[in-house]
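**Q** Pasting in a structure now, in structure tokens, and then I'll have a few things to ask.
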Protein chains: 2
Amino acid sequence: MTLRGRKKGETVPQGVVVRLPVYFRYLAELEAAGAERISSAQLGEALDFTAAQIRSDLSYFGSFGQQGYGYNVTDLLDQVKQILGITRDYSIVLVGAGNLGKAIGSYEWFRDEGFQIKAIFDIDPHLIGNYHVGCIIRPLDELTAYLAENPTDIGIIATPKDAGQSVCDLLVEGGVGSIWNFSPTHLNVPDEVIVEDMHLTDSLLRLVFRLNEQNLGQEQA
Amino acid sequence: MTLRGRKKGETVPQGVVVRLPVYFRYLAELEAAGAERISSAQLGEALDFTAAQIRSDLSYFGSFGQQGYGYNVTDLLDQVKQILGITRDYSIVLVGAGNLGKAIGSYEWFRDEGFQIKAIFDIDPHLIGNYHVGCIIRPLDELTAYLAENPTDIGIIATPKDAGQSVCDLLVEGGVGSIWNFSPTHLNVPDEVIVEDMHLTDSLLRLVFRLNEQNLGQEQA
């Protein structure tokens, strides 16, 4: 993998990392709609970023825009994909096959972009042996043996809160270096393990906080 | 609602807003485990924040810690709840009763904290008329009439991408001021409407980006 214009090992600011998926989604939509080019001003208007911010973000990885022409949508999308690293396959296991696990497994975009779940685990005897998105649901106590045979990039934890840490420990011991955590608990992992949290709770609490803050502002006005 | 020590209308920095739910979850766990007090140093160690950051965050809303004693867990949790605004009920509607909508509706914490979904809507004739978490699933074309009769704080969008914006428009026209968006699309709303996005896509892309960045670093080392 080469990152045009980007020095290997250079750390990308968190703010840029957070915005990259937004570019990706929007550019993919543009390409699907047949758009051929876009200016940084148009991108900015669509995404609520300033044109200067967009030029700065994209130039971080190298300069692709042309004065008076803007960006070629397909080229820019390819570059964003390469920067994000979605140019290769990732092996994924999912632990937890309840409503949330099933939703993650069958998320439309997930399949479209080639992220394939290779194995699903649960402890519920009513779920074990059933199929979801083409995978048989296996008992959790087979996870360690599975990981020993099948090196895995990403482990998804979609268990209740109480099981989150113990499942995480099994994944980490099995050599999984990246955890996508949907269980509403703070996971303790070794420094080299990446955790990306999807706390539904936190997101709802942020929404409620902003809602109240707005109401306070209105009372004051 | 009063915010002890906090000036009305004063805007809280985004960084503090993002950390508040983390405090909330951890303090709720501590209280459930019977802990009576905690120091800022202990909080910091548990949550990977510096003690100084924690003191700064909490003092933003008023000072509750006592030298040599730390914080009373229950008092601190009550304060965090009050700051977050989870001291009253919120009326919620859910649009989209597929796997993801069902998962959100039955999310354990959601029910435990008193967030109740009052009505569920979908367009799928196979789902309409079924019950989920005690609500009948109604046809989407009844949403506007429902909102006219039932003022609603929060609308949850758990539809496929293509339906996200049109459902959002119906909610906003119906007076819903806060949108919790799970559909993988960028929503256009009036300035006064709050949108909190839960893009599974973006979260996974951030994870993959960090995974690749780590691999690049290792290749270089």
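**Q** Among the listed residues A:Ile120, A:Ile128, which satisfies the condition of being assigned to a strand (DSSP E or B) and either surrounded by fewer than 20 Cβ atoms within 10 Å (Cβ to Cβ) or away from chain B (no Cβ under 12 Å) (or both)?
**A** On the way: A:Ile128 fails: assigned to a strand (DSSP E or B).
Only one candidate qualifies: A:Ile120.
**Q** Could you say whether any residue in segment A:71-87 is modelled with pLDDT of 85 or more, crowded, with 19+ Cβ neighbours inside 10 Å and more than 23 Å from the chain's Cα centre (by Cα)?
**A** The answer is yes; a qualifying residue exists.
**Q** Shifting gears a bit: If a residue has to be closer than 16 Å to A:Thr201 by Cα and part of a loop (DSSP other than H, G, I, E, B) to count, how many in segment B:89-103 make the cut?
**A** 2
**Q** For A:Ile137, work out the one condition from (1) β-branched (Val, Ile, Thr); (2) away from chain B (no Cβ under 12 Å); (3) part of a helix (DSSP H, G or I); (4) touching a residue at least 24 places away in the same chain (Cβ under 8 Å) it doesn't fulfil.
**A** Condition not satisfied by A:Ile137: (3).
**Q** Given the conditions (1) at pLDDT 90 or above; (2) at positive phi, report the number of the one that A:Gly114 does not fulfil.
**A** A:Gly114 satisfies all of (1) at pLDDT 90 or above; (2) at positive phi except (1).
**Q** Residue under question is B:Leu170, and the condition is that it be crowded, with 21+ Cβ neighbours inside 10 Å, more than 30 Å from A:Asn181 (Cβ to Cβ) and more than 14 Å from chain A (Cβ to nearest Cβ); does it hold?
**A** Details: crowded, with 21+ Cβ neighbours inside 10 Å: no; more than 30 Å from A:Asn181 (Cβ to Cβ): yes; more than 14 Å from chain A (Cβ to nearest Cβ): yes.
Criteria not met by B:Leu170.
**Q** Restricting the search to segment A:181-212, which residues are assigned to a loop (DSSP other than H, G, I, E, B), among the β-branched types (Val, Ile, Thr) and at the interface with another protein chain (Cβ under 8 Å from one of its Cβ atoms)? Steps first, answer last, please.
**A** Step one: filter segment A:181-212 for residues assigned to a loop (DSSP other than H, G, I, E, B), giving A:182-193, A:198-199.
So of that shortlist, the ones also among the β-branched types (Val, Ile, Thr) come out as A:185, A:189, A:193.
Answer for segment A:181-212, where residues must be assigned to a loop (DSSP other than H, G, I, E, B), among the β-branched types (Val, Ile, Thr) and at the interface with another protein chain (Cβ under 8 Å from one of its Cβ atoms): just A:Thr185.
Yes/no per residue for (1) of a type in the set (A, V, I, L, M, F, W, C); (2) in the same structural domain as A:Ser39 (by TED's automatic domain parsing):
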| position | (1), (2) |
| --- | --- |
| A:Gln79 | no, yes |
| A:Ala97 | yes, no |
| A:Ile104 | yes, no |
| A:Asp122 | no, no |
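**Q** Let me ask something additional. Which members of segment A:171-202 meet the condition of being touching a residue at least 60 places away in the same chain (Cβ under 8 Å) and farther than 28 Å from B:Ile156 by Cα?
**A** A:Leu171, A:Val176, listed by residue number.
**Q** Here are some residues: A:Ala103, A:Ala32, A:Ala97. Which one is within 23 Å of the chain's Cα centre (by Cα), modelled with pLDDT of 85 or more and at the interface with chain B (Cβ under 10 Å from one of its Cβ atoms)?
**A** Result of the check over A:Ala103, A:Ala32, A:Ala97: A:Ala103.
**Q** Then there is this: Counting just the residues of segment B:1-24 that are modelled with pLDDT of 85 or more and closer than 23 Å to B:Asp89 by Cβ, which one comes out nearest to the other protein chains (Cβ to nearest Cβ)?
**A** Among them, the one singled out is B:Pro21.
**Q** If you take the residues in segment B:99-117 that are touching an Asp or Glu at 6+ places or on another chain (Cβ under 8 Å) and surrounded by fewer than 16 Cβ atoms within 10 Å (Cβ to Cβ), which one is farthest from A:Leu100 (Cα to Cα)?
**A** B:Gly114
**Q** Taking the conditions exactly as written (within 11 Å of chain A (Cβ to nearest Cβ) and either crowded, with 16+ Cβ neighbours inside 10 Å or of a type in the set (Phe, Trp, Tyr) (or both)), does B:Ile54 satisfy them or not? Give the steps one after another, and end with the answer.
**A** On the way: within 11 Å of chain A (Cβ to nearest Cβ): no; either crowded, with 16+ Cβ neighbours inside 10 Å or of a type in the set (Phe, Trp, Tyr) (or both): yes.
Taking the combined requirement at face value, the residue does not satisfy it.
**Q** Please pick out the residue among A:Ile194, A:Ile137, A:Ile154 that is crowded, with 17+ Cβ neighbours inside 10 Å and within 21 Å of B:Val22 (Cα to Cα).
**A** Of the residues listed, the single one that is crowded, with 17+ Cβ neighbours inside 10 Å and within 21 Å of B:Val22 (Cα to Cα) is A:Ile194.
**Q** In segment A:140-165, what count of residues is obtained for those that are among the charged types (D, E, K, R), under 22 Å from A:Pro184 (Cβ atoms) and part of a loop (DSSP other than H, G, I, E, B)? Write out each step before concluding.
**A** Filtering segment A:140-165 down to residues among the charged types (D, E, K, R) leaves A:141-142, A:149, A:153, A:161-162.
Subsequent filtering for residues that are under 22 Å from A:Pro184 (Cβ atoms) retains A:161-162.
Checking which are part of a loop (DSSP other than H, G, I, E, B) leaves us with none.
Residues in segment A:140-165 being among the charged types (D, E, K, R), under 22 Å from A:Pro184 (Cβ atoms) and part of a loop (DSSP other than H, G, I, E, B): 0 in total.
The values are calculated or read from the model by the stated rules, or taken from the named source; none is laboratory data. This one's a predicted model, so the numbers in the text were calculated from it and none came from an experiment. Every residue, glycine among them, receives a Cβ derived from its backbone with ideal geometry; neighbour counts consider all protein chains shown.
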